[in-house]
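Report on the structure given below.
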């Protein structure tokens, strides 16, 4: 009986060790976003994790809670319609010209330095849509740098929490 108990404990330890090594380690990153001083309505901004092939992998955050405007964020909306998910936990208010927003994202450490990027898409009612307003390489250097925007976003800056 004692031998069976030892074998059982050994099997449990092996299974537990294998399970814990499979668990993905994530790091929380604080993201500060500064908008340009544009005139107009609040911008809807979607932050996405883009894989090494340029495809959407995951929605990290949505600034703008009214779903009726999601069609204005055209490229992301195509992805979202194909793979609808509950994004209510990662949705916040839209941001207007000159505003600053701070958000926290969780990113799997295994994605770092593997060709991924973090894309910020922006759209403002009756104005230009920016599919790549900001793209930050998901690298140690990319996350440490201030990245300038090309549209409504002046810049974004990350820091590990």
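The values are calculated or read from the model by the stated rules, or taken from the named source; none is laboratory data. None of the values given here were measured: they were computed from a predicted structure. Because the Cβ atoms are built from the backbone with ideal geometry, glycine has one as well, and the counts that use them run over all protein chains shown.
Structure notes:
- Restricting 142, 115 to residues that are in contact with a strand residue (DSSP E or B) (Cβ under 6 Å, 6 or more places away or on another chain) and within 17 Å of residue 50 (Cα to Cα) narrows the list to 142.
- Criterion: touching a strand residue (DSSP E or B) at 6+ places or on another chain (Cβ under 6 Å), farther than 17 Å from residue 149 by Cβ and without any contact (Cβ under 8 Å) to a residue 12 or more places away in the chain - qualifying residue of 82, 78, 67, 58: 58
- Consider segment 114-134 and keep the residues that are surrounded by 19 or more Cβ atoms within 10 Å (Cβ to Cβ) and in a loop (DSSP other than H, G, I, E, B). The one that is modelled with the highest pLDDT is 116.
- Residues located in segment 56-113, provided they are in a helix (DSSP H, G or I), surrounded by 13 or more Cβ atoms within 10 Å (Cβ to Cβ) and touching a helix residue (DSSP H, G or I) at 6+ places or on another chain (Cβ under 6 Å): 70, 77
- Qualifying residue in segment 87-108 (condition: within 15 Å of residue 48 (Cα to Cα), at pLDDT 95 or above and more than 14 Å from the chain's Cα centre (by Cα)): no
- Residue match in segment 139-151 (condition: closer than 23 Å to residue 95 by Cβ, surrounded by 15 or more Cβ atoms within 10 Å (Cβ to Cβ), modelled with pLDDT of 95 or more and in contact with a helix residue (DSSP H, G or I) (Cβ under 7 Å, 6 or more places away or on another chain)): no
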